[in-house]
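Enquirer: This is the structure, below, for whatever I ask next.
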Amino acid sequence: MKGLAMLKIGEIGWIEKDKPKCGPRDAIVKPLALAPCTSDVHTVWEGAIGDRHDMILGHEALGVVDEVGNEVKDFKPGDRVIVPAITPDWDSEAVQRGFPSQSGGALGGWKFSNFKDGVFGEYFHVNLADNNLAHLPEGMSLESAVMITDMMTTGFMAAENAEIGMGATVAVLGIGPVGLCGVAGAALRGAGRIFAVGTRPKAIEVAKEYGATDIISYKDGDTAEQILEATDGAGVDAVIVSGGGPDILIDALKMAKAGSKIANNNYYGKGVGEKDTIPLCRVNWGFGMADKDIVTGLCPGGRVRMERLADIISYGRMDPSLMATHVYKGFDKLEEALLLMKDKPRDLIKPVVLLDE
């Protein structure tokens, strides 16, 4: 089979590989819709997780089941499915502790294009199909559904981790697709005022549609100072960090009230200095004693999570298709779509590639 792969750090290309084998509880899936991610960019062009050779990329997919193992109960060939980016081992010790995304070690639930071939192939393997696939609701647009697999679950995770309450004031730093889903998640959790930090016109338009009340441009001055001024020095009840460089947490700590939560879902593809560190501001963190909690997480995967996010779309709570600004047709358009995600023109939020069944 053919796949779009990371050949080495800084280089991608099309390769041929054997079709993956199906275990008794697993599935082999053919892609139906695919979406390149900024994480793919970090992986290839920043070497964020180290060197990978001839590893098929991609972790955001809808698909059609091609084959299932003899112990799979709820899926059969021909089923149209949502495939989460994170596919935990659900019988692991980490799951029993309540951290399925970390099964098998830190970030261990992230298998696609991390330590096994991803979804940018003509076929791909899904472990534990009954737990890691969800049925694609009939009539749901592919552009909407493919956002469930990573963008929605990651953005909503931050809103959940920030424990946003009714009427809370929230800042979302970075309004790429994950940050936009953070805005939507904050609104769904009942936030009052939502600051969205970004400059891209299309992203600002969608942020307002999803519930942002204030737009902050980092080009107009210090982000934290602007938000502190807008809140008469009070700051915000919660911060969602969905973009920025390694020093973005300094801004977050500065604008966060004492007793608030800073929910990070930003992927730090690189740090600063010889030790590759992420800096914090000692004073703004209250010398480590201001109850400003920094909460992290890897986006939740699994069947139940996908089904619940699909319900949010089905019942009109959010329209994630607004983020699909560039839609391609055909498997051979994957490389163009991925390079677009790397170059990030100002009218881009998210590219999606649709395939024939």
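The values are calculated or read from the model by the stated rules, or taken from the named source; none is laboratory data. Remember, it's a predicted structure, so these values are computed and weren't measured experimentally. With ideal geometry, Cβ positions are generated from the backbone for all residues, glycine too; neighbour counts draw on all protein chains shown.
Enquirer: Restricting to segment 320-357, name every residue that is among the charged types (D, E, K, R) and under 18 Å from residue 148 (Cβ atoms).
Expert: Residue satisfying the conditions is 350 alone.
Enquirer: Here's a follow-up. Of all the residues that make up segment 193-218, how many are in a loop (DSSP other than H, G, I, E, B) and farther than 17 Å from residue 262 by Cα?
Expert: Result for segment 193-218: 7.
Enquirer: Let me ask something else. Restricted to segment 295-329, and to residues that are in contact with a Leu (Cβ under 7 Å, 6 or more places away or on another chain) and not hydroxyl-bearing (Ser, Thr, Tyr), which residue is farthest from residue 80 (Cα to Cα)?
Expert: The selected residue is 298.
Enquirer: Could you look through segment 301-357, keep only residues that are within 27 Å of residue 131 (Cα to Cα) and among the acidic types (Asp, Glu), and pick out the one that is surrounded by the most Cβ atoms within 10 Å (Cβ to Cβ)?
Expert: Top of the filtered list is 319.
Enquirer: Check off (1) of a type in the set (Val, Ile, Thr); (2) assigned to a helix (DSSP H, G or I); (3) in contact (Cβ under 8 Å) with a residue 60 or more places away in the chain for residue 240 and give me the number that stays unchecked.
Expert: (2) is the only condition that residue 240 fails.
Enquirer: Looking at (1) closer than 30 Å to residue 135 by Cα; (2) loosely packed, with under 13 Cβ neighbours inside 10 Å; (3) touching a strand residue (DSSP E or B) at 6+ places or on another chain (Cβ under 6 Å), find the lone condition where residue 291 falls short.
Expert: It is condition (1) that residue 291 fails.
Enquirer: Follow-up question, since we're still on this one. State whether the residues of segment 31-42 include one that is surrounded by fewer than 16 Cβ atoms within 10 Å (Cβ to Cβ) and farther than 26 Å from residue 313 by Cβ.
Expert: no
Enquirer: Looking only at segment 241-256, how many residues end up being touching a Cys at 6+ places or on another chain (Cβ under 7 Å) and of a type in the set (Val, Ile, Thr)?
Expert: 1
Enquirer: Name every residue in segment 59-80 that is among the aliphatic types (A, V, I, L, M), out of contact with any Phe, Trp or Tyr (no Cβ under 6 Å at 6 or more places or on another chain) and either in contact (Cβ under 8 Å) with a residue 60 or more places away in the chain or not in a loop (DSSP other than H, G, I, E, B) (or both), in order of residue number.
Expert: Listed by number, the residues that qualify are 61, 62, 64.
Enquirer: Output the residue which, of all residues in segment 118-165 that are buried (at least 24 other Cβ atoms within 10 Å of the Cβ) and more than 18 Å from the chain's Cα centre (by Cα), is farthest from residue 3 (Cα to Cα).
Expert: If we take residues in segment 118-165 being buried (at least 24 other Cβ atoms within 10 Å of the Cβ) and more than 18 Å from the chain's Cα centre (by Cα), then 164 is farthest from residue 3 (Cα to Cα).
Enquirer: Are any residues in segment 21-43 within 13 Å of residue 120 (Cβ to Cβ) and part of a loop (DSSP other than H, G, I, E, B), and if so, which ones?
Expert: Matches in segment 21-43: 35, 36, 37.
Enquirer: Also, I was wondering about something else. Filter segment 194-234 down to residues that are of a type in the set (D, E, K, R) and farther than 27 Å from residue 285 by Cα, then give me how many there are. Before the answer, list the steps.
Expert: Within segment 194-234, the first condition is being of a type in the set (D, E, K, R), and the residues that meet it are 200, 202, 205, 208-209, 214, 219-220, 222, 225, 229, 232.
Still in the running and farther than 27 Å from residue 285 by Cα: 200, 202, 205, 208-209.
The number of residues fulfilling the criteria is 5.
Enquirer: Would you mind stating whether residue 321 is within 18 Å of residue 174 (Cβ to Cβ), out of contact with any Phe, Trp or Tyr (no Cβ under 6 Å at 6 or more places or on another chain) and hydroxyl-bearing (Ser, Thr, Tyr)?
Expert: In short, no.
Enquirer: Which residues, taken from segment 171-197, are closer than 26 Å to residue 85 by Cα, surrounded by fewer than 24 Cβ atoms within 10 Å (Cβ to Cβ) and either over 16 Å from the mean Cα position of the chain (by Cα) or not assigned by TED's automatic domain parsing to the domain that holds residue 245 (or both)?
Expert: 187, 188, 189
Enquirer: Test each condition in (1) crowded, with 24+ Cβ neighbours inside 10 Å; (2) touching an Asp or Glu at 6+ places or on another chain (Cβ under 7 Å); (3) among the hydrophobic types (A, V, I, L, M, F, W, C); (4) under 30 Å from residue 234 (Cβ atoms) for residue 168 and report the one that comes out false.
Expert: It is condition (1) that residue 168 fails.
Enquirer: Here is a follow-up. When the residues of segment 253-288 are filtered to those that are of a type in the set (Val, Ile, Thr), under 27 Å from the mean Cα position of the chain (by Cα) and surrounded by fewer than 20 Cβ atoms within 10 Å (Cβ to Cβ), which remaining residue is modelled with the lowest pLDDT?
Expert: The extreme case among them is 272.
Enquirer: In segment 27-58, which residues are more than 23 Å from residue 324 (Cβ to Cβ) and either of a type in the set (Gly, Ala, Ser) or without any contact (Cβ under 8 Å) to a residue 12 or more places away in the chain (or both)?
Expert: Hits for segment 27-58 are 27, 47, 48, 50.
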